[in-house]
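> Okay, handing you the structure first.
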Amino acid sequence: MLTRFKKWWQRAPAAQTQPLRRVQAAARGSAQLPAPITFGQLRLGAAQSSGLQRTSNEDALFANVEILGTAGSPAQTGLFVVADGVGGHRHGAQASALAVQTVAQAVVPALLAAQAGGGGVQSFDFQASLSAALGAANMAVFAAYPGSGTTVIAVLVTGGWLHLAHVGDSRAMLVEAHGMRALTEDHTLVRRLQTAGHITAEQAAVHPQRSTLLRAVGQGEGLQVDSSSHAFEPGGRLLLCTDGLWGCVSDAELHQIILAAADPQAACVDMVNAANLAGGPDNISALLVHYVR
């Protein structure tokens, strides 16, 4: 089973990181961009960069879509995962890779088992499954790479809904008509200070401890996983990204880039390029899901 999962998750190796001039040139030449992946009504795009100030990439991505549901009501069910290994710690890249693999190995077989049982995905407890998968990833990383950690956001899309679970500060956002709507709340020190009214959003953006996580997959016992469900109807777009993107590119600019792009793949490449144009201080990952009408 492991071989199959290895085909699904990826990290752009450091050797693929290009000088900014070449990155910009690739963005302008649409013929050089890979085509978006299409699964029926779900169109996917993904892009990564090590950034301009890092020599390695500690982010990991995963995407898989299955046709599940009952014979009379088939449903495209997609699992999408983004992880960001904690920078500055040992084995950040290995932690994010192991976390993504563990989530995939927990959720995909469970979905297929529910399908084989005859009840289809309608009988599946999405939030509980995702939360349990992140819990399993937490203990796997804790055992394999003590002292390391990673953010994880995992989303299941099916039947007009998206279900998510997350730990850390990688984000999920819906692209709406007038802007981006956050579906997650960062598990960071500055977010807690901001929520408590001790600092403003402007102060949070430049706070010296803005990257300090209060929760991470790999911390061991007692990890709290946040989960939620949201309507996701035809025409909807979902962005998953690491802080290397949202920390450099404003929500307003992300919104503009996504709506202007020809397809999800072009949008992801343009967003990553925008983060590099802003200095690229961190690894950058973007995964965009478009539920076409």
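The values are calculated or read from the model by the stated rules, or taken from the named source; none is laboratory data. This one's a predicted model, so the numbers in the text were calculated from it and none came from an experiment. Every residue, glycine as well, gets a Cβ built from its backbone with ideal geometry; the counts of neighbours run over all protein chains shown.
> Inspect the stretch 47-63 for any residue being in a loop (DSSP other than H, G, I, E, B), modelled with pLDDT under 90 and touching a strand residue (DSSP E or B) at 6+ places or on another chain (Cβ under 8 Å) and give the result as yes or no.
no
> Kindly provide the set of residues from the stretch 112-126 that are modelled with pLDDT of 90 or more and buried (at least 16 other Cβ atoms within 10 Å of the Cβ), ordered by number.
If we filter the stretch 112-126 for residues that are modelled with pLDDT of 90 or more, which is where we start, we get 125-126.
The answer is Phe126, and nothing else.
> Anything in the stretch 138-147 that is of a type in the set (Gly, Ala, Ser), in contact (Cβ under 8 Å) with a residue 24 or more places away in the chain and either closer than 12 Å to Gln219 by Cβ or surrounded by fewer than 20 Cβ atoms within 10 Å (Cβ to Cβ) (or both)? List them, or say none.
Ala144, Gly147
> Next up: Consider Ala104 against the criteria (1) in a helix (DSSP H, G or I); (2) modelled with pLDDT under 95; (3) among the small types (Gly, Ala, Ser): it satisfies all of them except one. Which criterion is unmet?
Among (1) in a helix (DSSP H, G or I); (2) modelled with pLDDT under 95; (3) among the small types (Gly, Ala, Ser), the lone unmet condition for Ala104 is (2).
> Determine, yes or no, whether Val175 is at pLDDT 85 or above and of a type in the set (A, V, I, L, M).
Taking the combined requirement at face value, the residue satisfies it.
> Among (1) touching a helix residue (DSSP H, G or I) at 6+ places or on another chain (Cβ under 9 Å); (2) at pLDDT 95 or above, where does Pro281 come up short?
Pro281 satisfies every listed condition except (2).
> Write out, first by first residue and then by second, each pair whose Cβ atoms fall under 7 Å of each other, whose residues are 6+ apart or on separate chains, and whose first residue, in the stretch 263-286, is in contact (Cβ under 8 Å) with a residue 12 or more places away in the chain and closer than 13 Å to Asp243 by Cα while the second is in a helix (DSSP H, G or I) and among the acidic types (Asp, Glu).
Asp282/Asp243
> May I ask you to say which residue of Thr184, Thr188 is of a type in the set (Val, Ile, Thr), modelled with pLDDT of 95 or more, closer than 22 Å to Ile284 by Cα and surrounded by 15 or more Cβ atoms within 10 Å (Cβ to Cβ)?
Details: Thr188 fails: modelled with pLDDT of 95 or more.
When all the criteria are applied, what remains is Thr184.
> Which condition breaks for Ala205 when tested against (1) within 24 Å of Gly159 (Cβ to Cβ); (2) at pLDDT below 95?
Of (1) within 24 Å of Gly159 (Cβ to Cβ); (2) at pLDDT below 95, only one is false for Ala205: (1).
> With Ala252, Ala204 as the choices, which residue is loosely packed, with under 13 Cβ neighbours inside 10 Å, assigned to a helix (DSSP H, G or I) and touching a residue at least 12 places away in the same chain (Cβ under 8 Å)?
Of Ala252, Ala204, the one residue that is loosely packed, with under 13 Cβ neighbours inside 10 Å, assigned to a helix (DSSP H, G or I) and touching a residue at least 12 places away in the same chain (Cβ under 8 Å) is Ala252.
> Any residue at all in the stretch 130-137 that's in a loop (DSSP other than H, G, I, E, B) and surrounded by fewer than 22 Cβ atoms within 10 Å (Cβ to Cβ)?
Among the residues of the stretch 130-137, not one is in a loop (DSSP other than H, G, I, E, B) and surrounded by fewer than 22 Cβ atoms within 10 Å (Cβ to Cβ), which makes the answer no.
> For the stretch 219-257, which positions are farther than 21 Å from Gln48 by Cβ and of a type in the set (Gly, Ala, Ser)?
Residues satisfying the conditions are Gly220, Gly222, Ser227, Ser228, Ser229, Ala231, Gly235, Gly236, Ala252.
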